[in-house]
Amino acid sequence: MTLQQLLKLGVTNEVAKQVLEIHKSTIKDKYVPIWRFTEVNSKYKELKLIVENKENQINKLKIKATEKEELVTKIMALEELNKINKECYESKIDALQKEKLTEIYLRDQKIKSIKTAKAMLDFLLD
């Protein structure tokens, strides 16, 4: 409180000064000026926002890292599947090439029943 506020309440000038002196001595080491409080409080709010922003960035990075790990796992699975499919198709291509070469050879040899001859060759080779 100020001297003017005490005087408006009807306190005499002498009593108001005594009240202010007692008040000053009571809060001497416990009082924080408003400007200092505002300064510290605004700094606190600023730092709190910075910490929140950093936490949000960390959380986003965690999500991206998890997504990256999932993508790497999916890519590895797809690569493995692609490898298996490639081997399967290559073996089918090899089988088709052998079959066609066998047909061409049997035709060149003027074999009348190519299906029968191929069946006999398959039986003998297995």
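The values are calculated or read from the model by the stated rules, or taken from the named source; none is laboratory data. These figures come from a predicted structure and were not determined experimentally. Methodologically, a virtual Cβ is constructed for each residue, glycine included, from the backbone with ideal geometry; neighbour enumeration extends over all protein chains shown. These accessible areas exclude ligands, DNA and RNA; they are computed on the full protein's heavy atoms, side chains included. Shrake-Rupley method; radii C 1.70, N 1.55, O 1.52, S 1.80 Å.
Which residue, of GLU14, GLU69, is within 28 Å of MET1 (Cα to Cα) and either open to solvent by 80 Å² or more (accessible area, probe 1.4 Å) or of a type in the set (Gly, Ala, Ser) (or both)?
Exactly one of GLU14, GLU69 is within 28 Å of MET1 (Cα to Cα) and either open to solvent by 80 Å² or more (accessible area, probe 1.4 Å) or of a type in the set (Gly, Ala, Ser) (or both), namely GLU14.
Any chance region 96-108 includes a residue that's modelled with pLDDT of 85 or more, exposed (fewer than 10 other Cβ atoms within 10 Å of the Cβ) and over 30 Å from LEU3 (Cβ atoms)? Even if it seems obvious, please write down each step before you answer.
First, the residues of region 96-108 that are modelled with pLDDT of 85 or more: 96-108.
Pick out the ones that are also exposed (fewer than 10 other Cβ atoms within 10 Å of the Cβ) and you get 108.
This time we only want the ones that are over 30 Å from LEU3 (Cβ atoms), so: 108.
The answer is yes, given that some residue of region 96-108 is modelled with pLDDT of 85 or more, exposed (fewer than 10 other Cβ atoms within 10 Å of the Cβ) and over 30 Å from LEU3 (Cβ atoms).
Might you let me know whether region 38-52 holds any residue that is within 30 Å of LEU9 (Cα to Cα) and surrounded by 10 or more Cβ atoms within 10 Å (Cβ to Cβ)? Give the derivation first.
Filtering region 38-52 down to residues within 30 Å of LEU9 (Cα to Cα) leaves 38.
So of that shortlist, the ones also surrounded by 10 or more Cβ atoms within 10 Å (Cβ to Cβ) come out as 38.
Looking for residues that are within 30 Å of LEU9 (Cα to Cα) and surrounded by 10 or more Cβ atoms within 10 Å (Cβ to Cβ), one finds at least one in region 38-52, hence yes.
From the list LEU49, LEU71, LEU6, which one is part of a helix (DSSP H, G or I), over 52 Å from the mean Cα position of the chain (by Cα) and either of a type outside the set (D, E, K, R) or modelled with pLDDT under 90 (or both)?
When all the criteria are applied, what remains is LEU6.
From ASN41, ASN59, grab the single residue that is within 30 Å of MET1 (Cα to Cα), assigned to a helix (DSSP H, G or I), at pLDDT below 95 and not hydroxyl-bearing (Ser, Thr, Tyr).
ASN41
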